[in-house]
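Undergrad: Take a look at the following structure, please.
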Ligand SMILES: Cc1ncc(COP(=O)(O)O)c(C=O)c1O
């Protein structure tokens, strides 16, 4: 049996590879796990109660329509229309088994092997992996020094083979959150070139403002260009229920549904019910969780302000901070391993999100509380100290 070269050539899941480092830890000390970004609390009681009831109902385990439960599509369209002060119709929503699937299906609906996708650096690793495994060519968009990608630079990367510009805002791994104006700039470039703007909005609820993330949905022509991707995993603390959405024109939606039918038939019904209950019944719970995460971001920014051990927090937002280490000449793999083995801190190396080593790593603020954040800063200070000793 031979394996697909394109698939074989791709990296393993960086999350799994990072967790393997734990086998080499020497201390019995508590681990500070800043690697995976997953809510560390159960879903809202309203959600748990609803799915318990659904699980006992006659059709609780059935397939749903390919596009998802009508009541969920309607509730989500209404939520987006309100939160973005725009116009999204239920038939512009296709529910998927998570946002990773939303990205994969949307891109496969838009592009073919050999086509190019402009992908902002640092990328969310599964986006890059999906494109490459499907023979599509990522064209990397270097951000500015503030880590913000620029629409004009994106424009310079567009060729006759380009099918989309793909962005994540708030970003993973940087947390950088693009302004409505910056996003409007990207939409304008995409529109001018008749390509799609694929915008992953997984972390939209975790921003430091209640203002809409962008005003693209208020443009009646948005379906001609925008493909907006969503996740219920973080928002509702249901990552294992696998629910997300593609919000796009009905023309894109139709193609996405063909693909969805083949890979999953539909998103899990129980997950869709959970998402519906979360949207219509758990608004207060969601706001409280988002406020807790905002506190954590503030604590982390404060703890890192003095650059403990020489580690510099370059950006923060959503679930993430993006950190530069101080050890010139040391590979990031070595630094991350040392942090795990000697300092009991687990982070994801920047090379999971970049085609090269820029001495950076990602931390997720979701997994630790205030005491853990202070401890993290102290351990970084110690790591900086250790390494200086070693280098002498
Ligand atoms: C930017 C981004 N997109 C998509 C996903 C996957 O989300 P889901 O659990 O909805 O598939 C993640 C999860 O970490 C993410 O960070």
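Undergrad: On the given criteria, is residue 252 within 16 Å of the ligand (Cβ to nearest atom), closer than 22 Å to residue 197 by Cα and in contact with a strand residue (DSSP E or B) (Cβ under 9 Å, 6 or more places away or on another chain)?
TA: Numbers: within 16 Å of the ligand (Cβ to nearest atom): no; closer than 22 Å to residue 197 by Cα: yes; in contact with a strand residue (DSSP E or B) (Cβ under 9 Å, 6 or more places away or on another chain): yes.
It is false that residue 252 is within 16 Å of the ligand (Cβ to nearest atom), closer than 22 Å to residue 197 by Cα and in contact with a strand residue (DSSP E or B) (Cβ under 9 Å, 6 or more places away or on another chain).
Undergrad: Hey, another quick one. Step by step: first the residues of segment 334-358, then only those that are assigned to a helix (DSSP H, G or I) and free of Cβ contacts under 8 Å to residues at least 24 places away in the same chain, then the one that is farthest from residue 22 (Cα to Cα). Which residue is that? Before the answer, list the steps.
TA: Of all residues in segment 334-358, those assigned to a helix (DSSP H, G or I) come to 334-343, 350-352.
Among the residues that remain, those that are also free of Cβ contacts under 8 Å to residues at least 24 places away in the same chain are: 334, 351.
On the way: 334: 14, 351: 19 Å.
Within segment 334-358, the match that is farthest from residue 22 (Cα to Cα) is 351.
Undergrad: Here are the criteria: (1) free of Cβ contacts under 8 Å to residues at least 12 places away in the same chain; (2) farther than 21 Å from residue 141 by Cα; (3) more than 16 Å from the ligand (Cβ to nearest atom). Tell me which single one residue 240 does not satisfy.
TA: (3) is the only condition that residue 240 fails.
Undergrad: Taking helices (runs of 4 or more DSSP H) that do not extend beyond segment 1-81, which have at least 3 residues that are surrounded by 13 or more Cβ atoms within 10 Å (Cβ to Cβ) and modelled with pLDDT under 95?
TA: Numbers: elements: 5-8, 14-20, 45-55.
Hits in segment 1-81: 14-20.
Undergrad: Just need a number here: residues in segment 359-371 that are touching a residue at least 40 places away in the same chain (Cβ under 8 Å) and within 17 Å of residue 314 (Cα to Cα).
TA: Our first condition is that a residue be touching a residue at least 40 places away in the same chain (Cβ under 8 Å); within segment 359-371, this holds for 360, 362-370.
Applying the additional criterion that residues be within 17 Å of residue 314 (Cα to Cα) yields 360, 362-365.
Matching residues across segment 359-371 total 5.
Undergrad: Any idea which of 219, 200 is near the ligand (Cβ under 9 Å from one of its atoms) and in contact with a strand residue (DSSP E or B) (Cβ under 9 Å, 6 or more places away or on another chain)?
TA: Numbers: 219 fails: near the ligand (Cβ under 9 Å from one of its atoms).
Answer to the check: 200.
Undergrad: Among the residues that make up segment 223-232, is at least one of them crowded, with 18+ Cβ neighbours inside 10 Å, in the same structural domain as residue 125 (by TED's automatic domain parsing), outside any strand (DSSP E or B) and within 16 Å of the ligand (Cβ to nearest atom)?
TA: Yes, there is a match, as at least one residue in segment 223-232 is crowded, with 18+ Cβ neighbours inside 10 Å, in the same structural domain as residue 125 (by TED's automatic domain parsing), outside any strand (DSSP E or B) and within 16 Å of the ligand (Cβ to nearest atom).
Undergrad: Condition test on residue 186, is it touching a residue at least 40 places away in the same chain (Cβ under 8 Å), farther than 21 Å from residue 259 by Cα and in contact with a helix residue (DSSP H, G or I) (Cβ under 7 Å, 6 or more places away or on another chain)?
TA: Criteria not met by residue 186.
Undergrad: From 305, 237, 291, 275, grab the single residue that is within 21 Å of the chain's Cα centre (by Cα) and surrounded by fewer than 17 Cβ atoms within 10 Å (Cβ to Cβ).
TA: Details: 305 fails: within 21 Å of the chain's Cα centre (by Cα); 237 fails: surrounded by fewer than 17 Cβ atoms within 10 Å (Cβ to Cβ); 275 fails: surrounded by fewer than 17 Cβ atoms within 10 Å (Cβ to Cβ).
Among 305, 237, 291, 275, only 291 is within 21 Å of the chain's Cα centre (by Cα) and surrounded by fewer than 17 Cβ atoms within 10 Å (Cβ to Cβ).
Undergrad: Right, something else. When only residues in segment 236-256 that are part of a loop (DSSP other than H, G, I, E, B) and touching a helix residue (DSSP H, G or I) at 6+ places or on another chain (Cβ under 6 Å) count, which is nearest to residue 190 (Cα to Cα)? Before you say what the answer is, go through the steps one by one.
TA: Let us first name the residues in segment 236-256 that are part of a loop (DSSP other than H, G, I, E, B), namely 236-238, 242-243, 248-249.
When the remaining residues are screened for being touching a helix residue (DSSP H, G or I) at 6+ places or on another chain (Cβ under 6 Å), the result is 236, 238, 242-243, 249.
Numbers: 236: 31, 238: 33, 242: 30, 243: 27, 249: 15 Å.
Taking the candidates together, the pick is 249.
Undergrad: Could you check segment 92-173 for strands (runs of 3 or more DSSP E) lying wholly inside it with 2 or more residues that are within 16 Å of the ligand (Cβ to nearest atom), more than 16 Å from residue 203 (Cα to Cα) and without any contact (Cβ under 8 Å) to a residue 40 or more places away in the chain? Break it down into steps so the answer makes sense when it comes.
TA: On the way: elements: 93-96, 116-120, 137-141, 162-168.
Of the strands (runs of 3 or more DSSP E) lying wholly inside segment 92-173, those with at least 2 residues that are within 16 Å of the ligand (Cβ to nearest atom), more than 16 Å from residue 203 (Cα to Cα) and without any contact (Cβ under 8 Å) to a residue 40 or more places away in the chain span 137-141.
The values are calculated or read from the model by the stated rules, or taken from the named source; none is laboratory data. Bear in mind that the values here come from a model prediction, so they are computed numbers and not experimental data. Don't worry about glycine lacking a Cβ; one is built from the backbone with ideal geometry, like all the others, and counts go over all protein chains shown.
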